[in-house]
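The values are calculated or read from the model by the stated rules, or taken from the named source; none is laboratory data. The structure presented is a predicted model; accordingly, all values stated were derived computationally and were not measured. Every residue, glycine among them, receives a Cβ derived from its backbone with ideal geometry; neighbour counts consider all protein chains shown.
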Ligand code: SF4
């Protein structure tokens, strides 16, 4: 089943160019783009994965990771297939690199998905596992159905998107976690098959031109993107261009996909990165994928009180009022808060939605 799309144009040589992401795939009839889920049929770019999913799971929102967006609540997570990047270290390659549409065993239309999220008590739905950029039409329709029911939408993305579709996409999103995969063009080109500049532009766009709550994640890979100089440059750029209040998560790599020759990220690397980011003025810096209560908790930027105690995805002590203000000094913690924290905990619950 093909779904119509609108971000494309015809070229003089008879091919059709997709304008969703900076890859700008140019295709003849019957060809597919690099993401493999958009392709040209009868002279137009179509999406092949609308309404189809690789599976649904209820997760803690902290797993996306989002630490300042409705903490403790559950999120209905799903993805489709395909990706517009080609990261050699992909930690979800079975879905993102899938060229077999039969991995899309589950299906759900936007109404079914939104009503399931509501029935399951999820505060939000996350477009994740593979990048929603490549299935934006489906994600947008689900987000609209969710909004009607008071369920929010979260994009988990690499931020590699052209400006016009990006503006439409984020109009429908409430929050995002954007991967900033490294801070050199070499890393983006050689390891991810993308361009750093386009991702930085998305981060600045989100910060200065939208109200979308967003946090940044960097997966640290030993000897690839974890040098002191690269971390210094990255965190200074974030502080300077995005301000000190955008939360930053440093997460641990494990060998996967085409990068099996690297060791796991030592916890000390995450701690070193966090210290560099804090020194450069960022207020909310987290270590992830490790048990590190000190590095995964949230502290007041004004008085230093520990506001949210965390160990991996589990919340502990909570020292905020219902609007997210510090109980000690009343300073506002940036983010989205709605009363008491959720009580979902660290559980992961696979669910079937298909009729
Ligand atoms: S979204 Fe897919 S088809 Fe379109 S330009 Fe990007 S990789 Fe190519």
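Can you tell me which residue in the stretch 103-150 is nearest to the ligand (Cβ to nearest atom), limited to those that are under 16 Å from residue 69 (Cβ atoms) and in contact (Cβ under 8 Å) with a residue 60 or more places away in the chain? The selected residue is 128.
Against the criterion of being touching a residue at least 12 places away in the same chain (Cβ under 8 Å), under 19 Å from residue 175 (Cα atoms) and under 16 Å from the mean Cα position of the chain (by Cα), residue 216 qualifies.
Picking from 149, 166, 189, which residue would you name as being under 15 Å from the mean Cα position of the chain (by Cα) and farther than 17 Å from residue 217 by Cβ?
After ruling out the rest, the residue left standing is 166.
Of the listed requirements (1) modelled with pLDDT of 95 or more; (2) under 25 Å from residue 249 (Cα atoms); (3) out of contact with any strand residue (DSSP E or B) (no Cβ under 8 Å at 6 or more places or on another chain), residue 72 misses just one: (3). Inspection of the stretch 33-46 finds a residue satisfying the criterion of being more than 9 Å from the ligand (Cβ to nearest atom), surrounded by 15 or more Cβ atoms within 10 Å (Cβ to Cβ) and within 19 Å of residue 131 (Cα to Cα).
Here the stretch 1-13 is the region considered, the condition is being more than 21 Å from residue 166 (Cβ to Cβ) and at pLDDT 95 or above, and the residue that is surrounded by the fewest Cβ atoms within 10 Å (Cβ to Cβ) is 12. Away from the ligand (no atom under 14 Å from the Cβ), under 21 Å from residue 176 (Cβ atoms) and not in a strand (DSSP E or B): is that true of residue 57 in this structure? For residue 57, the condition - away from the ligand (no atom under 14 Å from the Cβ), under 21 Å from residue 176 (Cβ atoms) and not in a strand (DSSP E or B) - is not met. Here residue 22 meets each of (1) under 26 Å from residue 181 (Cα atoms); (2) outside any loop (DSSP other than H, G, I, E, B); (3) within 9 Å of the ligand (Cβ to nearest atom) with one exception, condition (2).
Listed conditions (1) surrounded by fewer than 19 Cβ atoms within 10 Å (Cβ to Cβ); (2) touching a strand residue (DSSP E or B) at 6+ places or on another chain (Cβ under 9 Å); (3) part of a loop (DSSP other than H, G, I, E, B) are all met by residue 281, apart from (2). Here residue 296 fulfils each of the conditions (1) within 24 Å of the chain's Cα centre (by Cα); (2) farther than 24 Å from residue 340 by Cβ apart from (2). Taking (1) within 20 Å of the chain's Cα centre (by Cα); (2) surrounded by fewer than 18 Cβ atoms within 10 Å (Cβ to Cβ); (3) at positive phi in turn, residue 209 satisfies each apart from (3).
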